[in-house]
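Notes for the one structure printed next.
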Amino acid sequence: MAWKRPVEDFRIDGGMKASELVSQMEAAGGFGGKHLGQGVDIIADMLADKESVNFLSFPACINATGTRGIIKDMVKRKLFDVLITTCGTLDHDLARIWKKYYHGEFELDDAVLREKGVNRLGNVLVPNESYGIVLERRLQPMFRDIYKTGMRRPSTRELIWAVGERLSDEDSILYWAAKNKVPVYVPGITDGAFGCQLWMFYQEHKDFSPDVLADEQELSGLVMGAKRSGALIIGGGISKHHTIWWNQFKDGLDYAVYLTTAMEQDGSLSGARVREAVSWGKVKPRAKQVNIDADATIALPLMYAAVLAKL
């Protein structure tokens, strides 16, 4: 029984690898650190299960930070079978190919930033020329080129691959998604700068628009054909819900790792624990599962280092 298992102390040495540190967290048995260690074990088991269709779900905001490099590397290594994210991921991934984002602080004067044409995303600064302006300049010619190929009603997966095929930057998530044919679905495709540019293109090309129901058709096939399924779900929102929503049609996820800072007391989907998803049939009652309460920009790099060491 669990109460007979002793708590162990950390043993830290100079020059210790991150993966070695994380490997002690589950044994140390304390609070969130234990959950982080459990999450690493579950992810490693999930990725090693060749009969499991594995989802990676994440919000856009982390891609405004260096955590984008973790997501990119996961796609480059083809660790996950399906990505579900938000429109802002496309915005940040593309914008950072062509322009820089900058360090800032949470406490900066936002009215002053507005006057200077700088947008604040937490403690990251995004000048106008690094976001909407550059995306309009780059995406409109790209959409014209895609249109010339005869594409008219693409799924978001097809559209994202078409964009990724026109990139040459190996730091890009979309580049590797297209190169490795890893499907990326964006159910809220219009909710961001990329979607705004699609809308602008649509003004003169009324026969061109994403077919979100084609996404659902593809997702249904992926889920229904899966013997088992797993998900690393970072943050919440539409990307989290879309992942667990589809998995209820196969009686729930077999592996589930939530990484979030949201609270459950307001009843939000973002803050809902894994156990709540069990009640909906979105996660199996006997699934390998854990909820990690942590900032993804802190926890995910540590977890990823440990997962790679295990694999």
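A few notes on this one:
- In nm, spacing of pseudo-spin labels at N128 and E276 (7 Å Cα→C-beta vector): 3.9
- Between K17 and K99, the FRET efficiency from the beta-carbon distance, with R0 = 30 Å, is close to 0.30.
- Cut-off under 5 Å, modelled amide H: who pairs with L121 long-range: V126
- The range 160-170 - phi-based ³J(HN,Hα) in whole Hz, Karplus 6.51/-1.76/1.60, Gly and Pro as x: 5, 5, 4, 5, x, 5, 9, 10, 10, 8, 6
- Computed FRET value (nearest 0.05) for E264 with A214, which takes r as the C-beta separation and R₀ as 41 Å: 0.75
- Classified by the C-alpha gyration tensor, the range 223-301 has a prolate form. Its axis ratio a/c, with a ≥ b ≥ c, is 1.5 or above, and a/b is larger than b/c.
- Percent antiparallel among DSSP beta bridges (both partners in the chain, rounded to 5): 20
- If you run the Gaussian network model on the chain, springs between alpha carbon atoms under 10 Å, then out of D93, D254, D169 the most flexible one is D169.
- Extended-chain gain in nm, criterion 0.36 nm per residue less alpha-carbon gap, A27 and S168: 46.4 nm
- Structure-based [θ]222 nm, the chain - -39500 (n - 2.57) summed over DSSP H runs of at least 4, per residue, nearest 500: -14500 deg cm²/dmol
- Remark: the Cα gyration tensor places the range 166-311 in the prolate category, a/c being 1.5 or greater and a/b exceeding b/c.
- Residue-normalised convex hull volume from the C-alpha trace of the chain: 158 Å³ per residue.
- Distant alpha-carbon pairs in the range 1-151 (separation over 21 angstrom), percent: 65
- Charge tally in the Cβ shell below 15 Å around D207, where Lys, Arg are +1 and Asp, Glu are -1, D207 excluded: +3
- Across the range 132-177, Cα-Cα pairs more than 12 Å apart make up 63 percent of the total.
- Computed from Cα positions, the angle between helix 212-224 and the longest principal axis of the chain comes to roughly 30 degrees.
A short reminder: the numbers here are calculations on the coordinates, not readings from a lab. Since this is a predicted model, take the numbers as computed values, not measurements. As a convention, Cβ positions derive from the backbone with ideal geometry for all residues, glycine included, and neighbour counts pool all protein chains shown.
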